[in-house]
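Q: Sending over a structure as structure tokens; questions will come in a sec.
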Amino acid sequence: MTTVQWVSTAYLLTIAMVIPATGRLVERFGARALWMFALSAFLIGSALCGAAWSVGGLIAFRAVQGIGGGMIVPLSMMILTQAAKPEQRGRIMGIVAVPAQLAPIVGPLIGGVIIDSGSRRWIFYVNVPICLLALSLARRGLPLGTPREHGARWLDLTGLALLSPALALTVYGLSTRTAGLPLLTAGAVLLLAFGVHALRTRATAPLPDLRLFTHRPFAAASALNFLSRLSIFGAMILMPFYYQQVRDHSALTAGLLLAPQSLGTMLALPYVGKLTDRIGARPVVLTGIAVTTLGTLAYTQVASHTDDLVLGLALLVWGVGVAAVAIPVSAAAYEGLPTTAIPGATSAITTVQTVGASVGAAALATILQSRLPLHPGSPAAAFADTFWWVLAFTLLTLIPALLLPLRRTERHQPPPGSHR
């Protein structure tokens with residue numbers, strides 16, 4: 001279990017390493033050129049994953065795939081955020097997220113069909129024609145853009161050399177019990193060194209710019225993103241394991257049973273965006289946390305024969321809560337920031353999200369592995385114990401949520417550093 005989760009974690013870690021550089025690369029080369037590169041890298045990585053001959057090879061090629069995947073998310077957010085008016089960002093984030101929620105519904109079903117037919121390679125090969133189509137559409141429909149030839153900030157190579165291994169060591173330390181403490185210590189030392197470097201550097205732009213975190217809405221949104229992604233992605237790692245290992249469901253059936261989460265998120269997204277624009281992020285997010293907590297409670301009581309209908313309804317509720325947290329936080333993160341700060345802020349917030357997902361996957365897989373020996377012959381009880389951790393991480397999100405902007409009238413705050 002701890003080995004298999006690295007198929008996801010290696011991809012997420014590479015994303016976390018690539019994202020901080022994305023904003024600076026956009027300044028240097030332009031969004032369109034970088035978008036085409038990201039799609040091409042994802043295409044090549046997908047083809048290599050499909051051809052992988054072992055789990056080790058698959059993990060390595062997932063890292064290659066993550067180079068492109070890491071750029072796609074922040075690039076799309078940069079393009080959308082810069083195109084949208086500030087008062088419409090919540091609504092636009094909600095609308096754009098609707099098709100993104102269709103993929104998690106259809107994806108597990110297609111993946112289940114592929115796995116049950118005996119060819120896991122096509123899970124990755126199927127990306128190749130999609131990437132080719134996306135490249136064709138981007139070449140014709142995406143504005144060319146103009147890179148900043150003068151005054152563009154170049155990469156902070158020292159910061160990148162400190163941050164990337166720090167993240168890798170920290171997440172790897174969480175996923176192993178044999179050398180966890182030394183790895184976590186080394187990761188913490190590198191993170192501290194990066195923090196000192198990032199706050200002192202002036203010649204180049206740090207990756208990410210820690211001064212952004214002096215802006216309260218951005219700092220609160222970042223903390224909330226980290227904790228929410230930790231619990232959400234950790235839970236999404238546990239659920240397929242539960243359905244397939246405890247309930248003996250096929251991959252296709254497990255995919256069908258996970259669909260209510262995406263359905264709940266998709267149904268709630270349009271309303272969440274409008275509410276965020278109307279009443280502000282904080283009340284919507286607090287409601288979302290309460291709803292997510294309610295949905296998670298059902299999974300803390302799972303047994304070997306828990307009714308699938310009950311778990312499906314809990315997933316539907318959970319999905320609604322996820323939408324009510326994710327969209328307002330995405331909009332609140334940019335409150336009061338100037339347009340010029342959007343690329344750096346997007347890279348920073350997406351890095352935080354991805355690291356949170358990586359930590360969640362590694363930590364909860366390790367917790368589950370440690371609980372299984374305590375319940376011999378009853379793996380369902382080990383899953384129930386682990387879902388209590390998911391619930392605890394969810395409740396922790398209440399702390400940063402209370403620091404989010406209460407109403408739209410709080411949007412007059414100056415951007416970080418503007419008064420200096």
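Q: Can you tell which of 95, 19 is modelled with pLDDT of 75 or more, touching a Pro at 6+ places or on another chain (Cβ under 8 Å) and among the aliphatic types (A, V, I, L, M)?
A: Of 95, 19, the one residue that is modelled with pLDDT of 75 or more, touching a Pro at 6+ places or on another chain (Cβ under 8 Å) and among the aliphatic types (A, V, I, L, M) is 19.
Q: Hey, does region 333-343 have a residue that's among the acidic types (Asp, Glu), surrounded by fewer than 18 Cβ atoms within 10 Å (Cβ to Cβ) and touching a residue at least 12 places away in the same chain (Cβ under 8 Å)? Give the steps one after another, and end with the answer.
A: Initial filter on region 333-343 (among the acidic types (Asp, Glu)): 335.
Filter once more, so that each one left must be surrounded by fewer than 18 Cβ atoms within 10 Å (Cβ to Cβ): none.
There is no residue in region 333-343 that is among the acidic types (Asp, Glu), surrounded by fewer than 18 Cβ atoms within 10 Å (Cβ to Cβ) and touching a residue at least 12 places away in the same chain (Cβ under 8 Å).
Q: Do you know which of the residues in region 356-381 that are surrounded by 24 or more Cβ atoms within 10 Å (Cβ to Cβ) and aliphatic (A, V, I, L, M) is nearest to residue 34 (Cα to Cα)?
A: Applying the filter and picking the extreme gives 357.
Q: Still on this structure, please answer the following. In region 339-363, what residues are closer than 14 Å to residue 224 by Cα, among the hydroxyl-bearing types (Ser, Thr, Tyr) and in contact with a Pro (Cβ under 9 Å, 6 or more places away or on another chain)?
A: If the condition is that a residue be closer than 14 Å to residue 224 by Cα, among the hydroxyl-bearing types (Ser, Thr, Tyr) and in contact with a Pro (Cβ under 9 Å, 6 or more places away or on another chain), then 350, 351 are the ones that fit.
Q: On the basis of being touching a helix residue (DSSP H, G or I) at 6+ places or on another chain (Cβ under 9 Å) and not acidic (Asp, Glu), does residue 196 make the cut?
A: Values: touching a helix residue (DSSP H, G or I) at 6+ places or on another chain (Cβ under 9 Å): no; not acidic (Asp, Glu): yes.
Criteria not met by residue 196.
Q: May I pose another question? Take the residues of region 303-330 that are among the β-branched types (Val, Ile, Thr) and modelled with pLDDT of 90 or more: which is nearest to the chain's Cα centre (by Cα)?
A: The extreme case among them is 320.
Q: Which one is modelled with the lowest pLDDT, of the residues in region 133-154 that are farther than 15 Å from residue 25 by Cα and of a type outside the set (A, V, I, L, M, F, W, C)?
A: 143
Q: Name, by its number, the condition in (1) modelled with pLDDT under 80; (2) small (Gly, Ala, Ser); (3) surrounded by 15 or more Cβ atoms within 10 Å (Cβ to Cβ) that does not hold for residue 100.
A: It fails just one condition, (3).
Q: Looking at 25, 80, can you tell me which residue is in a helix (DSSP H, G or I) and at pLDDT 75 or above?
A: Step by step, each of 25, 80 is checked, and only 25 is in a helix (DSSP H, G or I) and at pLDDT 75 or above.
Q: Examine region 277-295 for a residue that is in a helix (DSSP H, G or I), modelled with pLDDT under 80 and either of a type in the set (D, E, K, R) or surrounded by 24 or more Cβ atoms within 10 Å (Cβ to Cβ) (or both), and state whether such a residue exists.
A: Within region 277-295, one or more residues are in a helix (DSSP H, G or I), modelled with pLDDT under 80 and either of a type in the set (D, E, K, R) or surrounded by 24 or more Cβ atoms within 10 Å (Cβ to Cβ) (or both).
The values are calculated or read from the model by the stated rules, or taken from the named source; none is laboratory data. Values in this document were obtained by computation on a predicted structure and should not be read as measured data. All Cβ positions, glycine included, derive from the backbone under ideal geometry; neighbour counts span all protein chains shown.
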